[in-house]
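Notes follow the structure.
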Amino acid sequence: MKNVTHSFVFLAHWPFAGSFGLNTDILATNLINLTVVVGVLIFFGKGVYLLDNRKQRILSTIRNSEELRSGTLEQLEKARIRLQKVELEADEYRMNGYSEIEREKANLINATSISLEQLEKAMNQVRQRVFQQAVQGALGTLNSCLNTELHFRTIRANIGILGAIEWKR
Amino acid sequence: MNITPCSIKTLKGLYDISGVEVGQHFYWQIGGFQIHAQVLITSWVVITILLGSVIIAVRNPQTIPTDGQNFFEYVLEFIRDLSKTQIGEEYGPWVPFIGTMFLFIFVSNWSGALLPWKIIELPHGELAAPTNDINTTVALALLTSAAYFYAGLSKKGLSYFEKYIKPTPILLPINILEDFTKPLSLSFRLFGNILADELVVVVLVSLVPLVVPIPVMFLGLFTSGIQALIFATLAAAYIGESMEGHH
């Protein structure tokens, strides 16, 4: 009986006796159950759709943005082409417009100078006619109003003026 | 006299079958302290697992995540969601803390349930999940306390202490008591659950080594995951609570 008690005491202190080591008892280390549990976890863990869903979501997001990007790039390219076309047209219009304006200017200058010449000619004619009419009118007046006595008086007055001028000198 | 060796043998056999060790520790003497070495060893293994996973996760990041990267990103998203729902808009700086808590506790718990620790024999005591030891859980809970005090003080300054006399100053003792019960409940909940899980499995294994413990092991996996989640959620909730109501 004493020995049995002793063995209890011994058992209670038994772990002190050991050191680091490997426990190869498969049942005591619960290896089989652990293998089963880990196996089941991996087997069912692979079938979890959370991760697949997440991946699909990321993929679709990336695809959408790629599509958006390519669409935008296409539009940008189209816009650039149109811009080029419009710029070319603008250049053409500018050149055409310049030559047109030059021509118009020359035409205008020609026309103006022609009309100017005509105007001068007409002015000369008018001036000549007015002069002739004035001379004729003066002649008529002279012929009608100048009698002999008036003639002499005029001549005399003029002679007086001339004489005064001479005398002043 | 002939009986004695036989009885010793039977007893030893009995002991081998029902060798359930509770409260036995493998001590290291560091400085003036007695350290529970089995906790340190398993903690190091857990830390190695976590750091190794981190290295694997960030080694070769792809735009379209590979399986491993996808998994780790999912975990990160999960932790961020958790912090966001508990803390609110300013959850950003607390994601690392909450994540560390959650991942360490979770991997600790699951390592205790999944890794065959008993293959390695210690001179005294046995290897188990780090959260199986009250010291680990108390340390984690005190860290949480420090974290929510820091969060409140850094956000509100000394006016943080106004919350002790709200809604009425009569509740002051209870409010102060709360600061002690929070880490207490956190640490005891985690410790008790994990210890109970592992004890149940160990006792069942010692009684019926095959098949019967498997459902209990799955139950242990479930509850230990839940415990990690609860701990992280409560830590985040405490932090959020001490930060809220600022104007």
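Neighbouring Cβ atoms within 10 Å as the yardstick, rank B:PHE72, B:PHE33, B:PHE161 fewest first. Numbers along the way, then the final one.
On the way: B:PHE72 16, B:PHE33 8, B:PHE161 12.
Arranged by neighbour count, lowest to highest, B:PHE72, B:PHE33, B:PHE161 become B:PHE33, B:PHE161, B:PHE72.
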List the DSSP H helices in chain B whose Cα atoms stretch 24 Å or more along the helix axis and whose mean Kyte-Doolittle hydropathy is at least -1.0.
B:37-59, B:67-87, B:95-114, B:134-156, B:172-207, B:213-243
Mind scanning B:LYS84/B:LYS155; A:LYS55/B:LYS84; A:LYS55/A:LYS78 and naming the pairs with a C-alpha gap bigger than 25 Å?
A:LYS55/A:LYS78
Put a dot 7 Å past each Cα toward the Cβ at A:TYR49 and A:ASP25; how far apart are the dots in nm?
4.6 nm
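What is the dipole size for segment B:175-247, taken about its Cα centre, with +1 at each Lys and Arg Cβ and -1 at each Asp and Glu Cβ, in debye to the nearest 20? Intermediate values should be presented prior to the final figure.
Values: 2 positive and 6 negative charges, 44 e Å.
About 200 debye.
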Enter the Cα centre distance for the pair segment B:52-71 and segment B:95-123, rounded to the nearest angstrom.
21 Å
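Taking Cα pairs under 8 Å and at least six residues apart, what relative contact order does chain B come out at, in percent? Intermediate results must be reported in sequence, preceding the final value.
Values: 238 pairs, mean separation 67.1, N = 247.
Computed over chain B, the figure is 27 percent.
Tell me the mean residue ellipticity at 222 nm calculated for chain A from its helices only (DSSP H runs of n ≥ 4, each -39500 (n - 2.57), averaged over every residue, nearest 500).
Working: 4 runs with 150 residues, N = 169.
Mean residue ellipticity at 222 nm (helix-derived): -32500 deg cm²/dmol.
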Mind checking which of A:LYS85, A:LYS46, A:LYS105 has the largest fluctuation in a GNM of chain A, springs on alpha carbons under 10 Å?
A:LYS46
Which residue, A:ALA28, B:ILE174, B:GLY32, has the largest displacement toward the positive end of the dipole of the protein assembly as shown when charges sit on each Cβ (Lys, Arg +1; Asp, Glu -1)?
B:ILE174
Among A:LEU73, A:LEU142, A:LEU83, determine the one that fluctuates most according to a GNM of chain A built with springs between C-alpha atoms less than 10 Å apart.
A:LEU142
In Å, what Rg and Dmax follow from the Cα atoms of segment B:66-245?
19.0, 59
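What does the charge count near B:ILE105 come to, summing +1 for each Lys or Arg and -1 for each Asp or Glu among other residues with Cβ under 15 Å from its Cβ? Display every interim value, and only then the final one.
Working: positive: B:ARG189; negative: B:ASP133, B:ASP197, B:GLU198.
Computed value for this residue: -2.
Efficiency by 1/(1 + (r/R0)^6): what FRET value for B:GLN62 and A:SER99, r their Cβ-Cβ distance, R0 = 51 Å, to the nearest 0.05?
0.20
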For segment B:66-245, give the magnitude of the charge dipole about the Cα centre (Cβ charges: +1 Lys/Arg, -1 Asp/Glu; no others), in debye to the nearest 20.
360 debye
In whole angstrom, note down how far apart the Cα centers of segment A:37-51 and segment B:128-156 are.
32 Å
Estimated inter-spin distance, B:VAL75 and A:ALA164, nm [label 7 Å along Cα→Cβ]:
13.7 nm
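Quick one: B:THR63, B:THR136, A:THR61, fewest Cβ neighbours within 10 Å first, how do they rank? Before the final figure, lay out the partial values.
On the way: B:THR63 6, B:THR136 24, A:THR61 10.
Ranking B:THR63, B:THR136, A:THR61 by Cβ neighbours within 10 Å, fewest first, gives B:THR63, A:THR61, B:THR136.
Can you compute the FRET efficiency between B:LEU143 and B:LEU199 using 1/(1 + (r/R0)^6), with r the Cβ-Cβ distance and R0 = 41 Å? Round to the nearest 0.05.
Working: r = 26 Å, r/R0 = 0.63.
With a Förster radius of 41 Å, E is 0.95.
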Comparing B:LEU143, B:LEU219, B:LEU171 in a Gaussian network model of chain B (Cα, 10 Å), the one with the largest mean-square fluctuation is B:LEU171
Which value in nm describes the separation of the simple spin-label points at A:LEU76 and A:PHE152, placed 7 Å from the Cα toward the beta carbon?
11.6 nm
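For segment A:50-134, count the residues as N, evaluate 2.2 N^0.38 Å, and divide the Cα radius of gyration by that value, please.
Values: Rg = 36.0 Å, N = 85, 2.2 N^0.38 = 11.9 Å.
Relative to the 2.2 N^0.38 Å estimate, segment A:50-134 comes out at 3.03.
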Arranged by the count of other C-beta atoms within 10 angstrom, fewest first, what order do B:MET101, A:MET123, B:MET243 take?
A:MET123, B:MET243, B:MET101
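Quick one: putting +1 on the C-beta of Lys and Arg, -1 on the C-beta of Asp and Glu, what dipole do you get for the protein assembly as shown around its Cα centre, in Debye to the nearest 20? Walk me through the numbers before you get to the answer.
Working: 33 positive and 35 negative charges, 332 e Å.
Taking the Cα centre of the protein assembly as shown as origin, the dipole is about 1600 debye.
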Which FRET efficiency value, to the nearest 0.05, is calculated for B:LEU158 and B:THR100 with the Förster distance at 41 angstrom and r the Cβ-Cβ distance?
0.90
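Each value in this text was obtained by applying a stated rule to the coordinates, not by laboratory testing. All values derive from a computational prediction rather than experimental measurement. Neighbour counts run over all protein chains shown; Cβ positions are idealised from the backbone, glycine included.
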